[in-house]
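Beneath this line is the structure, given in structure tokens, with notes to follow.
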């Protein structure tokens, strides 16, 4: 965030004017965050809670190392937080990609075909209510191995919003466009590429954006119970086992930051692909 | 000309959510010739768009067929391209891509270069080459619709279907696009069907206008041929003589539909009271000085006095509204021109013969012929001058306004013209116009003159737009003017009501005949519910100092009551029958004796007069003789018809009117 303008405007009071205009937007969140951290730190210092305060990120030596050196790799599970995160993201990418392919494909099929929709909609509605954690034991039973099970949990969590939104997007194609396609006797392929996909795209992206958040939530949950793998989720679990509470705080910071980045990324792609819709 | 589209007995039902069916359209028959432009017009929900969709194949009929070049339309296709109301452009494609998509899909066998040329040609046609790379969202509504039209035309459809194409556009854009579409249609001899709400648009663009009645069960209420030559220009087309009559025809139709809808929305229970079968009546009238007895009967309480507690006077704008009101039973009875009962009984209104009875002549006289000021300025002050003027002025056709073919105005005007050597069909053209429109037409010069009842002659004279040339006192003094008419089946079902109504109006007529009441009547009629004009323009007789046609014999101009004035006269109705036949409005009925017997409800009149103690008004008038002193012998009407010098080829036919029957409520 830039506090001062990069190029001063012609008016000498430029920076001052800028500050006047924007201070109302900038000051409250800073105050809010700072206040929250202060209250937390105070309550920790005064011993009101056993949770260490935010300053422990710097005061604890082990945590400070983790914070300052995210890229170290000592082999095994002992890696910097960057590598832990990348391992988790890698799983998310695989599961999410699978979910996108299956979700969009099945969504289009269900959206176009009323009978299919009637057949599967109750099932979908039911399955999407199952929490990611509940899938973990099922996934482990099915795949017997941590890695594919983790990917499966990502997949099964992320697929529903994509599927349901895509189906809705296909159903919401205006009758006018259908009429145009009918009158022009459009081929299936043309209809698919020129009408269906562009028309449903905003819905598909809404689904994708919701899913990326869910996928990220799910991976942490999945990794926590899957011992012995590199990943930010297991890192938290490991730290908890060893009572490194300030490490957990640092990992949580990473998780929140990455989730935010992922969501912004999807929003950006969305705005690039379907402008103005 | 071959029929490109043939719609046969088309029907469309929509299933309702609560079970049952909604019948949107029924019994639609229409042939569309190649190169024709057809408009579908009607109120919202009348099924216009449904009909268009069935022609397009987007919707399938539940009965009947649509044939395109002899083949049943079963699915949509590019040969019947639709221009949708909301343009239906694909927003993610540019203007050019939108058109190209259609061309590429429909004409894959054409070379790429030829397809591109086609796209460019049509972009150019609608003047959008500049905007070819823009997305639809960057265009105005008018431009989007131009793209939509270009897309439709680029694939060379056999039939172009337009669903309210300009409905969402502002007036200026709409006008420009209409011209553009017209030009394109002319150049490419397109066949087109357009759904529209806009009366002017329909007249401007169409060769024929199909008017649909209200749903449920909409059907074609009428088809108008637009005889305005092409190419047409939006700004000049309204100067064509047919323009306003077509326009008023459509507006009349739409208003009629609305009125029927309103009438249907009201509860219609027959209220019987005071020994009368029905005391709630809708009585039709049109705003003329001669409607005074109706207004007086209401204002002075004559209706209630005779037990008719709930009488509703329904103001129609033209006699046609009165006729249609009786045909579709939305009126119980009406004041009507004296020719109407026989005319309708003989089927002159176009449907099957509808027996009408008349128990009362409400008024006599009150009509005049007015010519436009511009004619007077050229020295036309007598009928001889007019004949000479017609001979020297070739501007065809010379129009004279009349209010209805079955009105006394028409018959007297024709009689007078013919007796003076002017053929009322060949030398001039008599045009039916609503009374209220006459003065406007006289002002703008689209008619030479008109024959009509007061106050329209006095108004034209006092505003300086017209000059009275002859009054009816000089043609046939004491001719029947307006009569009370009702359906025979109504009169059979409510005989005592019929008598009560006759009594109320007869008493009102007596009131109106007293000159002491005329100022009060003028005041009453000036109300917006009746004429809505200044009271000093509504006069029932000449005033001291009036000259010429207003007071030719110093007689009262309007006769409302008196010896032999109000009793329905068979010989007068017979004279009317001969005149209607003379000008081929109806064939002369061979069973004229039966018709007159049924039309003239002398019994009802006599009973009414007797109960009011007015037996002395009930005797027969003397024989009929007009200004040319040709005697009319009621014993030999056909001989009379053969004798008259000028007449059309009339026919004589038996007109079956069945047995008198009461309506079954």
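The values are calculated or read from the model by the stated rules, or taken from the named source; none is laboratory data. The structure presented is a predicted model; accordingly, all values stated were derived computationally and were not measured. Please note: Cβ atoms are built from the backbone with ideal geometry, for glycine as well, and neighbour counts cover all protein chains shown.
Values computed for the structure shown
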read-out: Answer from B:9, B:13 - the residue that is in a strand (DSSP E or B), within 34 Å of the chain's Cα centre (by Cα), more than 14 Å from chain A (Cβ to nearest Cβ) and within 29 Å of residue B:262 (Cβ to Cβ); value: B:13
read-out: Residue match in the range A:171-193 (condition: part of a helix (DSSP H, G or I), within 30 Å of residue A:260 (Cβ to Cβ) and within 14 Å of chain B (Cβ to nearest Cβ)); value: no
read-out: Number of positions in the range B:67-103 that are facing chain A (nearest Cβ under 8 Å) and part of a helix (DSSP H, G or I); value: 2
read-out: Yes/no for residue A:33 being modelled with pLDDT of 90 or more, closer than 30 Å to residue A:224 by Cβ and in a helix (DSSP H, G or I); value: yes
read-out: Filter pass, residue B:511 being at negative phi and modelled with pLDDT of 85 or more; value: yes
read-out: Residue match in the range A:68-75 (condition: surrounded by 13 or more Cβ atoms within 10 Å (Cβ to Cβ), at pLDDT below 85 and farther than 24 Å from residue A:200 by Cβ); value: yes
read-out: Test result for residue A:4, over 30 Å from residue A:244 (Cα atoms), touching a helix residue (DSSP H, G or I) at 6+ places or on another chain (Cβ under 7 Å), surrounded by fewer than 15 Cβ atoms within 10 Å (Cβ to Cβ) and modelled with pLDDT under 85; value: yes
read-out: Test: residue in the range B:114-135 that is closer than 25 Å to residue A:191 by Cβ, out of contact with any helix residue (DSSP H, G or I) (no Cβ under 9 Å at 6 or more places or on another chain), surrounded by fewer than 19 Cβ atoms within 10 Å (Cβ to Cβ) and more than 14 Å from chain A (Cβ to nearest Cβ); value: yes
read-out: Count of the range A:236-277 residues which are free of Cβ contacts under 8 Å to residues at least 60 places away in the same chain, assigned to a helix (DSSP H, G or I) and within 14 Å of chain B (Cβ to nearest Cβ); value: 1
read-out: Qualifying residue in the range B:38-49 (condition: touching a residue at least 24 places away in the same chain (Cβ under 8 Å), more than 14 Å from chain A (Cβ to nearest Cβ), surrounded by fewer than 20 Cβ atoms within 10 Å (Cβ to Cβ) and over 27 Å from residue B:203 (Cβ atoms)); value: no
read-out: Qualifying position, being touching a residue at least 24 places away in the same chain (Cβ under 8 Å), over 16 Å from the mean Cα position of the chain (by Cα) and surrounded by fewer than 16 Cβ atoms within 10 Å (Cβ to Cβ), among B:234, B:151, B:174, B:230; value: B:230
read-out: In the range B:50-66, residue nearest to the other protein chains (Cβ to nearest Cβ) [restricted to those that are surrounded by 20 or more Cβ atoms within 10 Å (Cβ to Cβ) and not in a loop (DSSP other than H, G, I, E, B)]; value: B:56
read-out: Subset of the range A:215-261 [within 17 Å of the chain's Cα centre (by Cα) and over 22 Å from residue A:131 (Cα atoms)]; value: A:251, A:253, A:254, A:257, A:261
read-out: Criterion violated by residue B:438 - all others in (1) in contact (Cβ under 8 Å) with a residue 40 or more places away in the chain; (2) surrounded by 23 or more Cβ atoms within 10 Å (Cβ to Cβ); (3) in contact with a strand residue (DSSP E or B) (Cβ under 9 Å, 6 or more places away or on another chain); (4) not in a loop (DSSP other than H, G, I, E, B) satisfied; value: (1)
read-out: Of all residues in the range B:43-72 being under 25 Å from residue B:261 (Cβ atoms) and over 32 Å from the mean Cα position of the chain (by Cα), the one that is modelled with the highest pLDDT; value: B:62
read-out: Qualifying residue in the range B:562-575 (condition: over 22 Å from residue B:335 (Cα atoms) and either touching a strand residue (DSSP E or B) at 6+ places or on another chain (Cβ under 6 Å) or modelled with pLDDT under 85 (or both)); value: no
read-out: Which listed residue, of A:262, A:217, is within 25 Å of residue A:163 (Cβ to Cβ) and modelled with pLDDT of 90 or more; value: A:262
read-out: Test set (1) within 14 Å of another protein chain (Cβ to nearest Cβ); (2) in a helix (DSSP H, G or I); (3) more than 24 Å from residue B:230 (Cα to Cα) - residue B:152 fails condition number; value: (3)
read-out: Check on residue A:202, in contact with a helix residue (DSSP H, G or I) (Cβ under 9 Å, 6 or more places away or on another chain), under 30 Å from residue B:100 (Cα atoms), within 14 Å of chain B (Cβ to nearest Cβ) and in contact (Cβ under 8 Å) with a residue 40 or more places away in the chain; value: yes
read-out: Pairs with Cβ under 9 Å, 6+ apart, first in the range B:254-274 and farther than 17 Å from residue B:326 by Cα, second loosely packed, with under 13 Cβ neighbours inside 10 Å; value: none
